[in-house]
1. Are any residues in the stretch A:66-90 part of a helix (DSSP H, G or I) and farther than 24 Å from residue A:137 by Cα, and if so, which ones?
2. Just the residues that are out of contact with any helix residue (DSSP H, G or I) (no Cβ under 8 Å at 6 or more places or on another chain), outside any strand (DSSP E or B) and in contact (Cβ under 8 Å) with a residue 60 or more places away in the chain, please, taken from the stretch B:71-127.
3. If a residue must be out of contact with any helix residue (DSSP H, G or I) (no Cβ under 7 Å at 6 or more places or on another chain), within 10 Å of chain A (Cβ to nearest Cβ) and at pLDDT 90 or above, how many such residues does the stretch B:179-202 contain?
4. Consider residue B:131 carefully, then state whether it is touching a residue at least 60 places away in the same chain (Cβ under 8 Å) and either away from chain A (no Cβ under 11 Å) or under 30 Å from residue A:150 (Cα atoms) (or both).
5. Looking at (1) modelled with pLDDT of 75 or more; (2) touching a strand residue (DSSP E or B) at 6+ places or on another chain (Cβ under 8 Å), which is the only condition residue A:105 fails?
6. Which residues, taken from the stretch B:76-94, are within 27 Å of residue B:214 (Cβ to Cβ) and either within 10 Å of chain A (Cβ to nearest Cβ) or surrounded by fewer than 19 Cβ atoms within 10 Å (Cβ to Cβ) (or both)?
7. Any idea how many residues of the stretch B:50-72 are crowded, with 19+ Cβ neighbours inside 10 Å and at the interface with chain A (Cβ under 7 Å from one of its Cβ atoms)?
């Protein structure tokens with residue numbers, strides 16, 4: 001449910017941004033022109049367009065940050081968990097999950113403790129549970145280390161590692 | 001002014017040089033039309049039976065399987081490491097770099113892309129078939145056509161139009177790795193199905209094209225990995241593509257109309 005609600009918000013956001021940027025809707029440039037003819041209503045439109053642009057850019061930035069592995073990126077994502085915009089907070093939570101670092105748990109717990117919205121609080125607590133799970137990578141690394149140790153004990157060479165991602169000629173598959 | 005020009009030239013040269021030196025990875029293809037994917041999966045495995053006070057107690061344990069885990073497994077399969085910011089995408093058009101990959105067709109499949117999103121580092125659907133290693137990650141969120149609702153407006157005389165629809169699909173996936181170099185050092189085969197809901201919105205003029213394409217895939221299945229014969233995999237995969245171009249829209253952009 002958490003993922004679905006996050007997704008729906010992103011979808012809704014994307015749709016609203018699309019409308020804001022679309023050909024049939026006033027563009028940012030058009031809004032500036034409109035401001036000169038009607039200062040009150042178009043000022044709101046300009047602010048709205050600027051806000052949508054801000055939201056869109058923040059979400060794009062979060063989606064990039066989530067694939068990094070450095071502490072600064074995680075801190076930047078966690079900072080957006082306190083953003084007043086609910087859509088951004090939801091995407092930030094999704095980004096924390098993808099960042100996949102248990103060091104985020106204490107800060108997430110603090111945020112959950114300070115969150116008044118019960119649904120949002122549950123989403124954060126579910127995310128904490130997920131982040132706390134052992135990862136597939138950790139499990140596989142453990143299993144491979146066991147097998148590697150077994151081979152070395154038997155006097156077999158270590159598994160060779162390639163240094164490029166360039167494809168090599170296919171070999172006959174047994 | 002002259003100094004400014006010199007500075008600009010120096011900066012440009014530095015950028016070009018920096019780009020070339022930073023690109024230590026082989027670009028095996030390119031894509032311009034793709035969904036950024038977020039995998040949020042949970043893999044359940046059966047734990048050994050415990051005997052408590054003479055009674056058998058059964059239990060299972062869960063582990064998470066998200067983008068970085070999948071990227072790590074694909075790196076293991078390709079026997080490489082990915083650059084920072086590498087991401088998983090579903091490419092609607094994946095063009096091979098024919099100087100690296102001797103293929104010419106465009107193909108829909110799961111890919112690993114660099115941080116730009118357009119440079120393909122690995123065709124996960126094609127996978128690897130080399131001495132000692134065989135595997136692939138076939139992920140097709142549009143495997144079986146379902147039903148759809150929506151509309152496509154007729155282009156008016158000014159060339160302005162729009163299209164929006166929601167469509168449902170059946171999916172197919174299999175993540176297979178067989179490292180048979182050292183007494184079957186690794187064997188994974190996770191597979192299954194699920195459903196995809198796609199929401200597509202696009203509007204265009206002769207000079208602009210903007211839109212949003214998103215999928216929400218519910219995935220379930222099972223299979224084998226390492227010594228675990230019993231496993232259950234479930235979760236969701238989200239995908240998103242958003243564009244706002246000032247050039248005429250590409251023909252590939254309209255998908256429902258191809259039906």
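1. We begin by selecting, within the stretch A:66-90, every residue part of a helix (DSSP H, G or I); these are A:71-80, A:86-90.
Once the filter is applied, which keeps residues that are part of a helix (DSSP H, G or I) and farther than 24 Å from residue A:137 by Cα, the stretch A:66-90 yields A:76, A:79, A:80, A:86, A:87, A:88, A:89, A:90.
2. Taking the stretch B:71-127 first, the residues out of contact with any helix residue (DSSP H, G or I) (no Cβ under 8 Å at 6 or more places or on another chain) are B:71, B:74-75, B:77-80, B:83-84, B:89-91, B:94-111, B:113-114, B:116-121, B:123, B:125-126.
From what's left, outside any strand (DSSP E or B): B:71, B:74-75, B:77-80, B:83-84, B:97-106, B:114, B:116-118, B:125-126.
Within the stretch B:71-127, B:74, B:77, B:97, B:100, B:101, B:114, B:117, B:118 qualify.
3. Count: 2.
4. Working: touching a residue at least 60 places away in the same chain (Cβ under 8 Å): no; either away from chain A (no Cβ under 11 Å) or under 30 Å from residue A:150 (Cα atoms) (or both): yes.
When the stated conditions are applied, residue B:131 does not pass them.
5. Among (1) modelled with pLDDT of 75 or more; (2) touching a strand residue (DSSP E or B) at 6+ places or on another chain (Cβ under 8 Å), the lone unmet condition for residue A:105 is (2).
6. Result: B:82, B:83, B:84, B:85, B:86, B:87, B:88, B:93.
7. Adding up the residues that qualify gives 7.
The values are calculated or read from the model by the stated rules, or taken from the named source; none is laboratory data. Nothing here was measured: the structure is a model prediction, and the numbers come from that model. Every residue, glycine as well, gets a Cβ built from its backbone with ideal geometry; the counts of neighbours run over all protein chains shown.
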